[in-house]
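Colleague: Can you read through this structure? Questions will come right after.
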Amino acid sequence: MNATNTTQCQSVELHLVIPTLMGIFSVVGLIFNGFSLWIFWFVIKRWNSGAMLQFNLALVDTLILPLAPLMITYFRLGNHWPFGEFLCQLLAFLLNIHLYGCIYLLMLISVHRYKTVVHYNAKTLWRRKSFLKKLLLISWALFVIQGLPLFFFLKTSVIGSKVKCMSLLQSELSYLYLGYGILMGTSFLIPSSISFISNVMLGVYISKISQTNLRRKVMKTKSIQMIIITLLIFVICFMPIHVCVTVGATIRQYGLSCRFLNHIRVAYYISVVLSVVNSCLDPFIYNFANEKFNEFMSKFLKRLFLCK
């Protein structure tokens, strides 16, 4: 293990609620997304362009969940990482793919929804599966490449008697965190802005639709639900972690108050937990946006409650 000893800023213990919530959200997310992947793979036989995007989002959501026990153990041991440097790097790499995979794919889903609803009768590339396959390949390449620096350059550190992984207290990584914080901010602001604009434009359009028949009424209701859940995911799950990393890296770089840095550090770990919450919320998007998914879930829930 490449570890560097530093005693400049000692960490404070994390409250038990943080690993507990991490465990709950991880289990719920794994169940929801595992079931969603099963529906896409075995129930929805023929995918349309929207289902392709949704399946990839469910796939990205499940990437980090098998390693969630490592994060829970890390939090539970008072931020001591006993698993070695390689698993620390792998965790950071997969966490990055999960985070930006979800951000980019939610952006694509928002744009796709806008194009297919507002320009329903127009010939658009967003309906062509061949175009979306290429777009998805490019997207996967982008968030894999973006995560590679963490895999190769991230190191564990010894602070006091504890080994740290992805900690804002690692002073020898301050330049990496600052540079990566700027990259993270850009990678969040651009797709989140595109998603926001697409959802606002979709909201304006559907607000003008007259509910003359049941199909239009259902489409309007589900579009509103999808807009709300998408915006909530960006605000609750993705915004806090970017704010915490940027602020924490800046404080670490310019040597400000250790006490304040510890507050940001606790907020950062809470934001990591919140970033996993999107794994619990994304299946609602599949339910709102995919008619076949919604139809199967409705039948499944009816049977489940009737059996009881």
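Colleague: Could you tell me whether Ala92 is in a helix (DSSP H, G or I), surrounded by fewer than 22 Cβ atoms within 10 Å (Cβ to Cβ) and among the hydrophobic types (A, V, I, L, M, F, W, C)?
Modeller: Here the answer is yes, as Ala92 does meet what is asked.
Colleague: Within the bounds of segment 173-189, is there any residue that is under 23 Å from the mean Cα position of the chain (by Cα), at pLDDT 80 or above and over 20 Å from Thr250 (Cβ atoms)?
Modeller: no
Colleague: Mind checking which pairs have a first residue in segment 152-164 that is at pLDDT 80 or above and a second that is of a type in the set (Phe, Trp, Tyr) and part of a loop (DSSP other than H, G, I, E, B), Cβ under 8 Å, 6 or more apart or different chains?
Modeller: Hits for this filter: Thr156/Trp81; Lys162/Trp81; Val163/Trp81; Lys164/Trp81.
Colleague: Right, another one. Do you know which residues across segment 191-216 are loosely packed, with under 13 Cβ neighbours inside 10 Å, of a type in the set (Ser, Thr, Tyr) and farther than 24 Å from Asn294 by Cα?
Modeller: Within segment 191-216, Ser193 is the sole residue that qualifies.
Colleague: Here's something else I'd like to know. Would you please name the residue that is farthest from Leu106 (Cα to Cα), looking only at residues in segment 252-263 that are outside any loop (DSSP other than H, G, I, E, B) and without any contact (Cβ under 8 Å) to a residue 60 or more places away in the chain?
Modeller: Only one residue tops the list, namely Arg259.
Let's see how each residue does on (1) acidic (Asp, Glu); (2) outside any helix (DSSP H, G or I); (3) more than 23 Å from the chain's Cα centre (by Cα); (4) within 19 Å of Ala249 (Cβ to Cβ):
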site: Ser130; (1), (2), (3), (4): no, no, yes, no
site: Lys134; (1), (2), (3), (4): no, no, no, no
site: Ile138; (1), (2), (3), (4): no, no, no, no
site: Phe143; (1), (2), (3), (4): no, no, no, no
site: Gly147; (1), (2), (3), (4): no, no, no, yes
site: Leu150; (1), (2), (3), (4): no, no, no, yes
site: Lys155; (1), (2), (3), (4): no, yes, yes, yes
site: Val163; (1), (2), (3), (4): no, yes, yes, no
site: Met166; (1), (2), (3), (4): no, yes, no, yes
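For (1) crowded, with 17+ Cβ neighbours inside 10 Å; (2) without any contact (Cβ under 8 Å) to a residue 12 or more places away in the chain, each residue gets a yes or a no:
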| position | (1), (2) |
| --- | --- |
| Val218 | no, yes |
| Ile224 | no, no |
| Leu232 | no, no |
| His242 | yes, no |
| Arg265 | yes, no |
| Tyr268 | yes, no |
| Val276 | yes, no |
| Leu281 | yes, no |
| Lys292 | yes, no |
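Colleague: Before we move on, is Leu87 surrounded by fewer than 16 Cβ atoms within 10 Å (Cβ to Cβ), among the hydrophobic types (A, V, I, L, M, F, W, C) and more than 28 Å from Asn199 (Cα to Cα)?
Modeller: Spelling it out, Leu87 is indeed surrounded by fewer than 16 Cβ atoms within 10 Å (Cβ to Cβ), among the hydrophobic types (A, V, I, L, M, F, W, C) and more than 28 Å from Asn199 (Cα to Cα).
Colleague: Of all residues in segment 32-61, count the ones that are part of a helix (DSSP H, G or I), of a type in the set (Val, Ile, Thr) and closer than 16 Å to Phe296 by Cβ.
Modeller: Residues in segment 32-61 being part of a helix (DSSP H, G or I), of a type in the set (Val, Ile, Thr) and closer than 16 Å to Phe296 by Cβ: 2 in total.
The values are calculated or read from the model by the stated rules, or taken from the named source; none is laboratory data. Because the structure is a prediction, the values reported are computed rather than measured. Counting neighbours? That spans all protein chains shown, and the Cβs are built from the backbone with ideal geometry, glycine included.
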